[in-house]
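J.: Shown below is the structure under consideration.
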Amino acid sequence: MNKLDDSYVIFFCNFDPFQLGQQRYVLHKHIDEIPKQIIEDGQTDILFDVPSLRHDVDPKVQAFLDMIAQREVEATDPLVVKLKERIAVVKRNRKWRSEYVRRSVYEMDQEMREKKIREGERKIRDGKREILEGKREIKEGQDRLKEKEQLIQEREQKLHEN
């Protein structure tokens with residue numbers, strides 16, 4: 001059987017994905033019935049909580065996370081130096097900058113549309129709820145009216161009997 005190379009899927013989250021207070025989570029597959037039995041399929045998922053201030057990862061990784069989080073980073077690591085240079089080039093490039101702005105505006109428009117759709121759906125749900133409440137109140141009112149009519153008829157019958 002051919003062995004595949006190991007694979008790593010890395011997520012950079014702007015929150016603590018499992019809310020356990022870790023800066024880094026390394027995930028492997030396991031058998032539910034035997035949690036200690038790790039499946040050795042070569043796949044590893046790594047999740048980073050970028051805003052975390054724990055700083056308990058490798059210093060080079062921490063420098064990269066600090067850059068993502070837009071924290072102050074000393075330009076001593078070659079990767080950090082290279083990234084800072086590349087960011088400066090991108091910021092100076094008008095075409096890329098306008099593309100970024102256009103995409104940002106597009107994404108904001110999409111978010112606004114989605115928000116309006118969610119608001120509309122909420123209003124429809126609220127309206128349906130109000131209609132159902134109104135129908136229930138009408139039914140209760142009709143029931144009370146029938147009871148009162150029945151009481152009136154009973155009293156009229158008693159008056160005619162006397």
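J.: So what is the accessible area of the chain per residue, in Å², with the probe set to 1.4 Å?
T.: Counting only protein heavy atoms, the per-residue value for the chain is 90 Å².
J.: Further question: Mind giving me the nanometre distance, one decimal, between the label points for Phe18 and Tyr100, set 7 Å out from Cα along Cα→Cβ?
T.: Placing both labels 7 Å beyond Cα along the Cβ direction yields 3.4 nm.
J.: To continue, here is another question. Carbon and sulfur: what percent of the stretch 71-122's accessible surface (1.4 Å probe)? Please report the intermediate quantities before stating the final value.
T.: Details: 2720 of 4870 Å².
Carbon and sulfur atoms account for 56 percent of the accessible area of the stretch 71-122.
J.: Can I ask one more? List the lysines whose alpha-carbon lies under 30 Å from that of Lys29, not counting same-chain residues fewer than 8 positions away?
T.: In chain and number order, the partners are Lys3, Lys60.
J.: Hey, with R₀ at 25 Å, roughly what FRET efficiency would Leu27 and Glu72 work out to, going by the Cβ-Cβ distance, to 0.05? Don't jump to the answer; show the numbers that get you there.
T.: On the way: r = 31 Å, r/R0 = 1.22.
So, using R0 = 25 Å, E works out to roughly 0.25.
J.: Any lysines with Cα under 21 Å of the Lys123 Cα? List them, leaving off those in the same chain fewer than 8 positions away.
T.: Lys115, Lys135
J.: What are the lysines whose alpha-carbon lies under 16 Å from the alpha-carbon of Lys158, with same-chain residues fewer than 8 places away excluded?
T.: The reachable lysines, counting only those whose Cα sits under 16 Å from Lys158, are Lys148.
J.: Can you tell me which of 60-66, 97-103 comes out highest on packing, and rank the rest after it, using the mean Cβ neighbours within 10 Å?
T.: Ranked by mean Cβ neighbours within 10 Å, highest first: 60-66, 97-103.
J.: While we're here: Rounded to the nearest 5, what % of the DSSP beta bridges within the chain are antiparallel ones? Before the final figure, lay out each step's value.
T.: Numbers: 6 of 13 bridges.
Around 45 percent of the beta bridges assigned by DSSP in the chain are antiparallel ones.
J.: Something else: Once R0 is set to 30 Å, what does the formula 1/(1 + (r/R0)^6) return for the Cβ-Cβ distance between Ile87 and Glu119, expressed as a FRET efficiency to the nearest 0.05? Intermediate results must be reported in sequence, preceding the final value.
T.: Details: r = 37 Å, r/R0 = 1.23.
The formula returns an efficiency of 0.25 here.
J.: Okay, moving on. For a quick protection proxy, order the peptides 76-84, 108-116 by their average other-Cβ count within 10 Å, most packed first. It would help to have the intermediate numbers written out before the result.
T.: Working: 76-84: 13.0, 108-116: 10.0.
Packing proxy ranking, top to bottom: 76-84, 108-116.
The values are calculated or read from the model by the stated rules, or taken from the named source; none is laboratory data. None of these values were measured; they are calculated from a predicted model. Note that we place each Cβ from the backbone using ideal geometry, even for glycine, and neighbour counts take in every protein chain shown. Remember, those area values only see protein heavy atoms, side chains included, never the ligands or the DNA or RNA. Shrake-Rupley method; radii C 1.70, N 1.55, O 1.52, S 1.80 Å.
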